[in-house]
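The values are calculated or read from the model by the stated rules, or taken from the named source; none is laboratory data. Because the structure is predicted, anything quoted here is derived from the model rather than measured. Here the Cβ positions follow ideal geometry from the backbone for every residue, glycine too, while neighbour counts run over all protein chains shown. Ligands, DNA and RNA are excluded from the accessible area calculation, which covers all protein heavy atoms including side chains. Shrake-Rupley method; radii C 1.70, N 1.55, O 1.52, S 1.80 Å.
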Amino acid sequence: MKNKYKKIVILAESGSDLPQELVQKYDIVIVPMHVMFDGHNYDDGTFSVSQIIDYYHQTKKIPTTSATNVGEYMEAYQKIHQKYPQSLILHLCYSAVTTATFQNAHIASEGLDYVCHIDTKFVSGGQSMIILKVAQYIQMHPQVELDDLKAYTYKVIERTHMCFLPHQLDFLKAGGRVSNAAYLGANVLGLKPLIEIIDGKLVATQKYRGRNMKRIYQRMIDDFLLPYDYDLDDIILLYSYGIDEDILQNNKAIIEEMGFQNIYLVQAGGVITTHSGPAGFGIIFYEN
């Protein structure tokens, strides 16, 4: 069947933490997720993430996060359709099992045959990697049919890998994502859990022991990348507010030595920082 759309517009949430350079290059539409603290609801990306860290230190509470609401999706669809009446809106959604984004987006698009939703099963930099790969594909195949585009997107989702090493477990504990026993054990033994995104969920897959973060990150990089035939075109290094700049640049140098061509340093935004805390580091790559 011939493609009836003259343009494909990708839409995603602010929780993807997509770098502004990629937003502009591929004309991506970003809708806000939300962070609430001090009795106020803020659009993700409109305030410094340092406020989240300061708020926790002052109150020992973490803010709450919420999905893009139905009205915000409806407004975004309407604006895109008015600007590009013959376009397809491809919604590459923040992991559906973690929040109500997917459900709200579906409700907002009832009766709209020009909106297609795909659950990326990733958050933050993982979602960014999928957006990047799909945007590159659309740029190379502007007349791609929807079925082929969906098939390619699902392949990208299957071959994308993401891990994240929190610097501390305080935020995960405050948010109920680790038990008191695990929290105390990690602090006493100096254990740092590696979090992977598997089928949309955050899963602790292994633990590292020690205080020397450069050594731990070297092991993490080796453990996470070396078992795979990784694609050298693009890699995302995700970091959160407060990470030591020397450590971040050392990690980047290790990745450069492995031969990656495009290395994107992506700072975690408000949504991810609320759940993972400061000074964390993550890797997102695509498997051949």
Exercise. Provide the per residue accessible area, probe 1.4 Å, for region 1-150, rounded to a whole number of square angstrom.
Key: 47 Å²
Exercise. Return the carbon/sulfur percentage of the accessible area of region 23-107, one whole number, probe 1.4 Å, all protein chains in place.
Key: 50 percent
Practice problem: Quickly estimate the mean residue ellipticity at 222 nm for the chain, helices only: each DSSP H run with n ≥ 4 gives -39500 (n - 2.57), and the total goes over all residues, rounded to 500. | Solution: -12000 deg cm²/dmol
Exercise. Please find, in a Gaussian network model of the chain (springs between Cα atoms separated by less than 10 Å), the residue of Pro85, Pro227, Pro32 whose mean-square fluctuation is greatest.
Key: Pro227
Quiz item: Given charges of +1 on the Cβ of Lys and Arg and -1 on the Cβ of Asp and Glu, with all other atoms neutral, how large is the dipole of the chain about its Cα centre, in debye to the nearest 20?
Solution: 460 debye
Quiz item: Taking the radius of gyration and the Kirkwood hydrodynamic radius from Cα positions alone, what is the Rg/Rh ratio for region 205-285, to two decimal places?
Solution: 0.95
Exercise. Restrict the search to region 43-123; then list the GluC sites (Glu not before Pro) that DSSP places in a loop and that have at most 11 other Cβ atoms within 10 Å of their Cβ.
Key: Glu110
Self-check item: Cα shape, region 80-137, gyration tensor, a/c 1.5 rule
Solution: oblate
Quiz item: Looking at this model, which pairs from Lys7/Lys155; Lys207/Lys252; Lys4/Lys201; Lys79/Lys252; Lys6/Lys201 are more than 30 angstrom apart at the alpha-carbon?
Solution: Lys4/Lys201; Lys79/Lys252; Lys6/Lys201
Quiz prompt | Value in Å of the Kirkwood radius, where region 28-177 supplies the Cα pairs that are averaged | solution = 17.3 Å
Quiz item: If you build the Cα gyration tensor of region 42-129 and take the root of 5 times each eigenvalue, what three semi-axes come out, in whole angstrom, biggest first?
Solution: 30, 14, 12
Quiz item: Given that compact globular proteins tend to follow 2.2 N^0.38 Å, what is the ratio of the alpha-carbon Rg of region 1-66 to that value?
Solution: 1.55
Quiz item: Taking K and R as +1 and D and E as -1, what net charge do the other residues with C-beta under 10 Å from the C-beta of Lys192 add up to?
Solution: +3
Practice problem: Could you tell me the convex hull volume per residue, in Å³, taken over the Cα atoms of the chain? | Solution: 127 Å³
Quiz item: Given the Cα-Cα distance of Asn288 and Gln78 and 0.36 nm per residue of separation, how much length would full extension add, in nm?
Solution: 71.9 nm
Quiz item: Shape of region 243-288 from its Cα gyration tensor (a ≥ b ≥ c, root eigenvalues): rounded if a/c is under 1.5, otherwise prolate when a/b > b/c, or oblate?
Solution: oblate
Practice problem: Quick one: check the C-alpha center-to-center distance for region 195-268 versus region 1-73, whole angstrom. | Solution: 23 Å
